[in-house]
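The values are calculated or read from the model by the stated rules, or taken from the named source; none is laboratory data. These numbers were taken from a predicted model, which means no experiment stands behind them. Please note: Cβ atoms are built from the backbone with ideal geometry, for glycine as well, and neighbour counts cover all protein chains shown.
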Amino acid sequence: MTSAPDRTLEPAALWRLLLWSSPAFPVGAFSHAHGLEWSVEAGEVSDAASLLAWMEDLLQHGSGWSDAVFLAHAHRAAVARDGKALAAIASLSAAFAPSLERQVEQLAQGAAFARALAAAWPAIAEALPPPERLTYAVAFGAAAGAAGIALDNALTAHLQAFAGMVVSAAVRLVPLGQSDGLRVLAALERSVAALTASAGEAAIEDAGGACFRADIASMAHETQYTRLFRT
Amino acid sequence: MSFARRGALTEIARFEQQGSLRARLPRPERGALAGAVVLNTAGGIASGDRFSTSVTWREGAEATVSAAAAERVYRARDDDRPARVDATLEIGPDALAEWLPQETILFDGARLDRSLSVSLGRGASMLLVEAVVFGRTARGERMLHGQFRDRIDIHREGTLVHADRIRLEGSVAAILDRAAVARGGAAIASIIWAGEGGEIVRDRLREAFAREAREGVEAGASLRDGLLLSRIVAADGAALRRMVVAGLGALRQNRPLPRVWQC
């Protein structure tokens, strides 16, 4: 477990990873904002600096961290072909949603990811847990494990997809210039690298966090008067 | 301890206690449920301490378990093992269970691992509160360092439906200062409810939260999988308690709160 990670991907594995984590992959990421629409409405996130701080919180103390831990465990279970362990991780990950919309965000993307995989990579799709209550993080981790994609690479790619989703929502909502959004993503590099390293070694008991106000934002979004985003 | 239904009444059916954790069984006030009040005769929790409580509500039983006082967790040395506080609630079919301990106050430097494991039977209703204050805020203390891990698991008829894991470790105050965490708040609570009439009850809770919202305290609620989940973040213990009491009032209609909550 502690040997130096192999970050060199076979071209076929890299091809899959790039496709699966692309904003064009049909998981519906464009419709989700992780509660940020409320945080913008409430004035919490109003510029690039406050967006960067909010994203750092999610990655270090919130859903970014927990999802990375679930992804890592799902990846290992898929590599080991341990369906029982994978089912237990899937169940815990699905139970983690602090609100209805955060559950929708995970389960809608998880189900869409599984459908897309079944359509184009049916052999890999067979490694996924059942589609009911399948979170995006667990689906992505299990697929990457079954597809020969190294854990480090899968974690970084998934975090990039998550950060890209929230930042692109913020660019529309605040609104921010495209360059501001890109600068936030560039500034997250160090956090993502640290998170990839620590989540890869974390025990399943280490999932968890403290982003209470992000949870409240997603609850408040349910009753927000005008909404561009589903979550 | 366990509660059982006898005709129209709920009675205590089994009761054991040992160590410094005790329970009293006061006669219920008019309109209130039967119940127990838990009391830590040691006065507080030190590192390495271990407390566990197990409560069963048998089929149809209706009872409230509360605590006589806020629980205090003292400063630990850095190499101390965290204190452990575990509770297991078995809520039988058609039972009504209320778990209403008062807040846990973590002194600066405290280390606590806490867990609450709940199993809900068919048709069971419940109301849970878990409230934590980071530092003795009434005297201006904040919890600068320490460790708090909280784990809540809820199973319904054998399926895990909710898992909440709070992890706050190291420079606790600096983490609480962050915008998506608590933006400088020093007290948090979760209220979790299950029962009949989910959306109506959710809206009632949201209205109570909105009425009580002011500078220094905020709250949200959401219904999923038949569970009403809520979070409260407050500047200090006093503001937290006002919001928790408002939320409990909305969820318990006109039933009086246990006397220990009235202050």
Near pairs, Cβ below 6 angstrom, 6+ apart or cross-chain, from the range A:208-231 (buried (at least 24 other Cβ atoms within 10 Å of the Cβ)) to any residue that is of a type in the set (A, V, I, L, M, F, W, C) and part of a loop (DSSP other than H, G, I, E, B): A:Ala210/B:Val181; A:Cys211/B:Ala180; A:Cys211/B:Val181; A:Phe212/B:Ala182; A:Arg213/B:Ala180; A:Ala214/B:Ala180
Residue in the range A:51-58 that is surrounded by 15 or more Cβ atoms within 10 Å (Cβ to Cβ), under 21 Å from A:Gly110 (Cβ atoms) and either in contact (Cβ under 8 Å) with a residue 12 or more places away in the chain or out of contact with any Pro (no Cβ under 8 Å at 6 or more places or on another chain) (or both) present: yes
Failed item, numbered, when B:Arg165 is tested on (1) facing chain A (nearest Cβ under 10 Å); (2) out of contact with any strand residue (DSSP E or B) (no Cβ under 9 Å at 6 or more places or on another chain): (2)
Taking the range A:29-44 and keeping residues assigned to a loop (DSSP other than H, G, I, E, B), touching a residue at least 12 places away in the same chain (Cβ under 8 Å) and closer than 16 Å to A:Arg227 by Cα leaves A:His32, A:Ala33, A:His34, A:Gly35, A:Ala42
All but one of (1) assigned to a helix (DSSP H, G or I); (2) within 14 Å of chain B (Cβ to nearest Cβ); (3) within 16 Å of the chain's Cα centre (by Cα) hold for A:Met219, so report the exception by its number. (3)
From B:Arg72, B:Arg22, grab the single residue that is of a type in the set (Lys, Arg), closer than 21 Å to B:Asp108 by Cα, within 18 Å of the chain's Cα centre (by Cα) and not in a loop (DSSP other than H, G, I, E, B). B:Arg72
Looking at (1) within 25 Å of B:Asp108 (Cβ to Cβ); (2) in a strand (DSSP E or B); (3) charged (D, E, K, R), which is the one condition that is false for B:Glu90? (1)
Looking at the range B:1-21 only, could you name the residues that are crowded, with 19+ Cβ neighbours inside 10 Å and of a type in the set (D, E, K, R)? B:Arg5
Among the candidates A:Leu182, A:Leu188, single out the residue that is buried (at least 18 other Cβ atoms within 10 Å of the Cβ) and either of a type outside the set (Ser, Thr, Tyr) or at pLDDT 95 or above (or both). A:Leu188
Need the failing condition index for B:Met143 against (1) within 11 Å of chain A (Cβ to nearest Cβ); (2) in contact with an Asp or Glu (Cβ under 6 Å, 6 or more places away or on another chain), just the number. (1)
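Conditions tested, residue by residue: (1) closer than 22 Å to B:Ile154 by Cβ; (2) facing another protein chain (nearest Cβ under 10 Å); (3) crowded, with 20+ Cβ neighbours inside 10 Å.
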{"residue": "B:Arg183", "(1), (2), (3)": "no, yes, no"}
{"residue": "B:Ala189", "(1), (2), (3)": "yes, yes, yes"}
{"residue": "B:Arg202", "(1), (2), (3)": "yes, yes, yes"}
{"residue": "B:Glu215", "(1), (2), (3)": "no, no, no"}
{"residue": "B:Ala221", "(1), (2), (3)": "yes, yes, yes"}
Which condition number does A:Glu205 fail, the rest of (1) under 24 Å from B:Arg183 (Cβ atoms); (2) assigned to a helix (DSSP H, G or I) being met? (1)
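Here are some residues: A:Leu18, A:Leu92. Which one is out of contact with any helix residue (DSSP H, G or I) (no Cβ under 6 Å at 6 or more places or on another chain), outside any loop (DSSP other than H, G, I, E, B) and surrounded by fewer than 16 Cβ atoms within 10 Å (Cβ to Cβ)?
Numbers: A:Leu92 fails: surrounded by fewer than 16 Cβ atoms within 10 Å (Cβ to Cβ).
None of the other options fit; the residue is A:Leu18.
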For A:Pro129, are the conditions met, namely being crowded, with 23+ Cβ neighbours inside 10 Å and touching a strand residue (DSSP E or B) at 6+ places or on another chain (Cβ under 7 Å)? no
Specify which of the listed residues (B:Leu127, B:Leu144, B:Leu120) is at negative phi and touching a Leu at 6+ places or on another chain (Cβ under 8 Å). B:Leu127
Please state which one of A:Val69, A:Val104 is of a type in the set (Val, Ile, Thr), under 17 Å from the mean Cα position of the chain (by Cα), within 11 Å of another protein chain (Cβ to nearest Cβ) and under 19 Å from A:Ala207 (Cα atoms). A:Val69
Determine if the range B:221-244 includes at least one residue that is assigned to a loop (DSSP other than H, G, I, E, B), within 21 Å of A:Gly64 (Cα to Cα) and without any contact (Cβ under 8 Å) to a residue 60 or more places away in the chain. no
Among the residues of the range B:99-111, is there at least one that is at pLDDT 95 or above, within 28 Å of B:Pro256 (Cα to Cα), of a type in the set (Ser, Thr, Tyr) and surrounded by fewer than 21 Cβ atoms within 10 Å (Cβ to Cβ)? no
What number of residues in the range B:22-44 are crowded, with 17+ Cβ neighbours inside 10 Å, free of Cβ contacts under 8 Å to residues at least 60 places away in the same chain and within 15 Å of B:Ser54 (Cβ to Cβ)? 2
Close pairs from the range B:128-141: first under 13 Å from B:Ala239 (Cβ atoms), partner crowded, with 18+ Cβ neighbours inside 10 Å and among the acidic types (Asp, Glu), Cβ under 6 Å, at least 6 apart: B:Ala131/B:Glu103; B:Val133/B:Glu103; B:Thr137/B:Asp236
Which condition number does B:Trp261 fail, the rest of (1) within 11 Å of chain A (Cβ to nearest Cβ); (2) within 15 Å of the chain's Cα centre (by Cα); (3) aromatic (Phe, Trp, Tyr) being met? (1)
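Restricting attention to the range B:202-236, which residues are closer than 17 Å to A:Phe96 by Cα and within 17 Å of the chain's Cα centre (by Cα)?
Within the range B:202-236, the subset closer than 17 Å to A:Phe96 by Cα is B:220-231.
Result: B:Gly220, B:Ala221, B:Leu227, B:Leu228, B:Leu229, B:Ser230, B:Arg231.
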